[in-house]
Amino acid sequence: LAKLTGLTSLKIRSNYLTDMTSICELTSLAILDLTDNQITAIPCQIANLTNLKYLTLSRNNITFLPPTIDKLSNLVRLELAENQLSCVPSELVNLGCLLRIDLSQNQLEKIPPELGNLDSLHAIDLSCNRLRQVPPELGNNHCLTRMNLSYNYLSEIPPELGNLANLSELVLKSNNLTE
């Protein structure tokens, strides 16, 4: 595949891929969908894919994101649902074009407050994780229209989320909320 240098879209879903290093040589890619494979790590070479707009790596076994992911400056959609992520690097804040993040069904216990600085973010899905709190800084995302925080361990919602004037959908089901 590495010889297909003009390739702009690559979808290899529901296979047994374990490594994506050679795919990171396809620098013309705008869309990369490797959903439902056996990938355990995103290589640092992901930084080579500077034209990437859509990155979907859901339903794999990814345990961490490399700091070099912040080099994907054109990324508008990042989907990492159903993996084994336990933390999110603060470097994601450098993805200024990001419109949608899906980190649902992982092992996340906290979210970096820096995500509140993603001015263009419209939707974030953090459902089915282990979150006990939401950073108040998420209330700074004035473009945010959808937020899913269901199936976590939240006992309160920060009042700063009241600043999200454009929020049209907030899902909080199955948490530990009392008020």
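In table form, for the structure just shown:
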| item | result |
| --- | --- |
| Within the stretch 132-147, backbone nitrogen closer than 17 Å to the virtual label 7 Å beyond the Cα of residue 176 toward Cβ | 132-135 |
| Relative contact order (%) - criterion: Cα under 8 Å, at least six apart; region: the chain | 12 percent |
| Beta bridge orientation in the stretch 14-159: antiparallel %, DSSP, nearest 5 | 0 percent |
| Heavy-atom surface of the stretch 1-54, accessible at 1.4 Å and reported per residue (Å²) | 53 Å² |
| The chain: Lys pairs at Cα distance under 27 angstrom, eight or more positions apart or on different chains | 9 |
| Calculated P(r) of the chain - Cα pairs past 25 Å, % | 32 percent |
| The chain - percent of accessible surface contributed by carbon and sulfur, probe 1.4 Å | 47 percent |
| Gap separating the Cα centres of the stretch 16-82 and the stretch 98-164, nearest whole Å | 22 Å |
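The values are calculated or read from the model by the stated rules, or taken from the named source; none is laboratory data. What you see is a predicted model, and the numbers here were worked out from it, not measured in a lab. We place every Cβ from the backbone using ideal geometry, glycine too, and count neighbours over all the protein chains shown. Remember, those area values only see protein heavy atoms, side chains included, never the ligands or the DNA or RNA. Shrake-Rupley method; radii C 1.70, N 1.55, O 1.52, S 1.80 Å.
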